[in-house]
Amino acid sequence: MKLTKTAMFSLSVFTLFGFSGFAYLILAFVDDVDYFDMFQYDELLLSVASGLGFGGLAALLGFLLLKLSFLKETSTFYASLFKDIELHWTDIFFYSFCAGVGEEILFRGALQPLMGLWVAAILFVLLHGYISLKDWKKSIYGFFLILVSAGFGYLTLYFDLYAAMAAHFIFDVIMFFKLKKDAHLSPSENDS
């Protein structure tokens, strides 16, 4: 699979607006949950700070997990997806913002109240393709991401949706920078 900057931009815009719209459509047919209620907050600064802390810690744990020797191939696989894309820091922040906002509105704001925290977390990871019946090593990372996704869910329960958005955003920023670094360090497919 070859990604381009244009494809990444298009996917990011779709994630921000398409997922938010899909969440709105889902909740339009439900009486229990109102779309606009998910955007309420009490202590925005505390929730965003808590989200950034959790997301940063989760990314650090993800870093350490991917450094394990038996997951080197998995780490290399994800880095190779970005090998031919020259990611600028503004791209990384934009992609991470779109994913953090759009995906959290859909999964934590709309689906979690309807399906439950753990089902939404598992569905999130399954739809991202991190669980593989053919590659148990990739699935180990996927199970880690289920825990991270559930953490986003708990942030939503105990704080608000903005905490989950902040956690998702910073997790993605850190992991994108790791992938960018790893992509430049890995040998080119043309070199083999």
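Yes or no, residue by residue, for (1) buried (at least 16 other Cβ atoms within 10 Å of the Cβ); (2) touching a helix residue (DSSP H, G or I) at 6+ places or on another chain (Cβ under 9 Å); (3) at positive phi; (4) not hydroxyl-bearing (Ser, Thr, Tyr):
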{"position": "Phe124", "(1), (2), (3), (4)": "yes, yes, no, yes"}
{"position": "Gly129", "(1), (2), (3), (4)": "no, yes, yes, yes"}
{"position": "Ser132", "(1), (2), (3), (4)": "no, yes, no, no"}
{"position": "Asp135", "(1), (2), (3), (4)": "no, yes, no, yes"}
{"position": "Gly142", "(1), (2), (3), (4)": "yes, yes, no, yes"}
{"position": "Leu145", "(1), (2), (3), (4)": "yes, yes, no, yes"}
{"position": "Ala150", "(1), (2), (3), (4)": "yes, yes, no, yes"}
{"position": "Leu157", "(1), (2), (3), (4)": "no, yes, no, yes"}
{"position": "Ala163", "(1), (2), (3), (4)": "yes, yes, no, yes"}
Problem set entry | The one condition in (1) over 20 Å from Leu27 (Cβ atoms); (2) touching a helix residue (DSSP H, G or I) at 6+ places or on another chain (Cβ under 6 Å); (3) assigned to a helix (DSSP H, G or I); (4) among the basic types (Lys, Arg) that Lys72 fails to fulfil | (2)
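Return the residues of region 75-120 that are part of a loop (DSSP other than H, G, I, E, B) and within 21 Å of Thr6 (Cα to Cα); say none if nothing qualifies.
From region 75-120, those part of a loop (DSSP other than H, G, I, E, B) are 81-88, 116; that's our starting set.
Of everything in region 75-120, those that are part of a loop (DSSP other than H, G, I, E, B) and within 21 Å of Thr6 (Cα to Cα) turn out to be Leu81, Phe82, Lys83, Asp84, Ile85, Glu86, Leu87, His88.
Go through region 6-20 and give me each residue that's exposed (fewer than 15 other Cβ atoms within 10 Å of the Cβ) and touching a helix residue (DSSP H, G or I) at 6+ places or on another chain (Cβ under 9 Å).
Within region 6-20, the subset exposed (fewer than 15 other Cβ atoms within 10 Å of the Cβ) is 6-7, 9-10, 13-14, 17-18.
Within region 6-20, Phe9, Val13, Phe14, Phe17, Gly18 meet the criteria.
Can you tell me which residue within region 43-53, out of those that are over 13 Å from Arg108 (Cβ atoms) and not in a loop (DSSP other than H, G, I, E, B), is nearest to the chain's Cα centre (by Cα)?
Step one: of region 43-53, the residues over 13 Å from Arg108 (Cβ atoms) are 43-46, 48-50, 52-53.
Next, only the ones that are not in a loop (DSSP other than H, G, I, E, B) stay: 44-46, 48-50, 52-53.
Details: Leu44: 21, Leu45: 21, Leu46: 21, Val48: 16, Ala49: 18, Ser50: 17, Leu52: 13, Gly53: 15 Å.
Residue satisfying both the conditions and the ranking: Leu52.
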Exercise. So which residues in region 18-42 are more than 19 Å from His168 (Cβ to Cβ), part of a loop (DSSP other than H, G, I, E, B) and in contact (Cβ under 8 Å) with a residue 12 or more places away in the chain, if there are any at all?
Worked result: Val30, Asp32, Val33, Asp42
Problem set entry | Which numbered condition Ser12 fails, given (1) under 16 Å from the mean Cα position of the chain (by Cα); (2) within 16 Å of Arg108 (Cα to Cα) | (2)
Exercise. When both residues are 6+ apart or on different chains and their Cβ atoms are under 9 Å apart, which pairs have a first residue that lies in region 134-148 and is under 17 Å from Glu73 (Cβ atoms), and a second that is part of a helix (DSSP H, G or I) and of a type in the set (Asp, Glu)?
Worked result: Asp135/Glu73; Lys137/Glu73; Lys138/Glu73
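Just so you know, all these numbers are worked out from the coordinates, no wet-lab data involved. Because the structure is a prediction, the values reported are computed rather than measured. Note that each Cβ is placed from the backbone with ideal geometry, even for glycine, and that neighbours are counted across all protein chains shown.
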